[in-house]
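The values are calculated or read from the model by the stated rules, or taken from the named source; none is laboratory data. Keep in mind it's a predicted model, so treat the numbers as computed, not measured. Glycine gets a Cβ as well: all are built from the backbone with ideal geometry, and neighbour counts include every protein chain shown. Just so you know, the surface numbers come from the protein's heavy atoms only, side chains and all, with ligands and any DNA or RNA stripped out. Shrake-Rupley method; radii C 1.70, N 1.55, O 1.52, S 1.80 Å.
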Amino acid sequence: MELRVAYLAMHRQTEACLATRDCTADQFVLLNLLARGDAVTQQELVRRASSDPNTVRAMLVLLEKRGLVARVGHPTDGRARSVSLTCKGRRLHKKLLADTELLRKRLRSLFRSEEWEALIEFLSRISRALSAGSTHGVLKAKGEPG
């Protein structure tokens with residue numbers, strides 16, 4: 001329950017930071033992922049965002065209507081769509097980073113450096129355990145037969 005409470009608190013705070021720019025925390029996640037590099041397929045974006053394909057598609061449609069992302073047919077896979085940030089999307093992303101900087105600093109200040117690194121590792125471990133390859137998302141205790 002503590003993990004859920006922490007997530008919801010961070011989500012609400014992020015939403016508040018982004019409200020003046022007409023962007024949701026979930027849309028910000030997509031913009032962040034797209035700002036990291038070149039175009040990616042929608043399917044890859046779904047995987048990176050750890051989200052539902054229909055949810056990501058709906059958000060991309062909204063972001064595309066606002067001129068923030070471009071979706072085009074994939075050059076080698078006729079069924080896939082490539083997604084990238086537009087110049088307008090990059091400009092907005094920079095503003096959103098600035099808008100959330102204080103929150104990110106506040107979160108980071110709660111931990112010593114080694115604690116922050118451990119937290120990231122623990123969260124990654126949870127994510128990996130509950131993702132692909134896990135037995136229907138069921139965690140096993142250490143030493144418990146698989």
Check V69: other-chain or 5+ apart residues with amide H under 5 Å from its amide H, H built from backbone geometry? E64, T86
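Using a 1.4 Å probe, what is the accessible area per residue for the range 18-135, in Å²? If you can, show how the numbers build up before the last one.
Values: 7710 Å² over 118 residues.
It amounts to 65 Å² per residue over the range 18-135.
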The chain, dipole about Cα centre (Lys/Arg Cβ +1, Asp/Glu Cβ -1), debye to the nearest 20: 400
For R81, the residues 5 or more places away or on another chain with a placed amide H closer than 5 Å to its own amide H are Q42, Q43, H74
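For the chain, what are the DSSP H helices with axial Cα length of 27 Å or more and mean Kyte-Doolittle hydropathy of at least 1.6?
Numbers: long enough: 87-109 (32 Å, -1.00).
Membrane-span-like by this criterion, though nothing is claimed about a membrane: none.
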Length gained if F111 through L123 is fully extended, taking 0.36 nm per residue and subtracting the Cα-Cα distance, is 2.9 nm
Modelled label-to-label distance, T86 and E15, 7 Å Cα→beta-carbon offset: nm? 2.7
Could you tell me what percent of the accessible area of the range 53-121 is made up of carbon and sulfur, with a 1.4 Å probe and every protein chain present? 57
Under a Cβ-Cβ cut-off of 13 Å, what is the net charge of the residues other than A9 that fall near it, where Lys and Arg count +1 and Asp and Glu count -1? +1
Correct choice for Kirkwood radius over Cα pairs in Å that was computed from the model, options [x] 17.3; [y] 18.2; [z] 16.6: [x]
Once both labels are modelled 7 Å past Cα along the beta-carbon direction, what's the Y7-A49 spacing in nm? 1.6
Please name whichever of I120, G78, Q43 sits farthest to the positive end of the charge dipole of the chain, dipole taken about the Cα centre and charges placed at Cβ: Lys and Arg +1, Asp and Glu -1. G78
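So what is the 222 nm mean residue ellipticity for the chain from helices alone, if each DSSP H run of at least 4 adds -39500 (n - 2.57) and you divide by all residues, rounding to the nearest 500 deg cm²/dmol? Spell out each step's value before the answer.
Numbers: 6 runs with 89 residues, N = 146.
Helix-only estimate at 222 nm: -20000 deg cm²/dmol.
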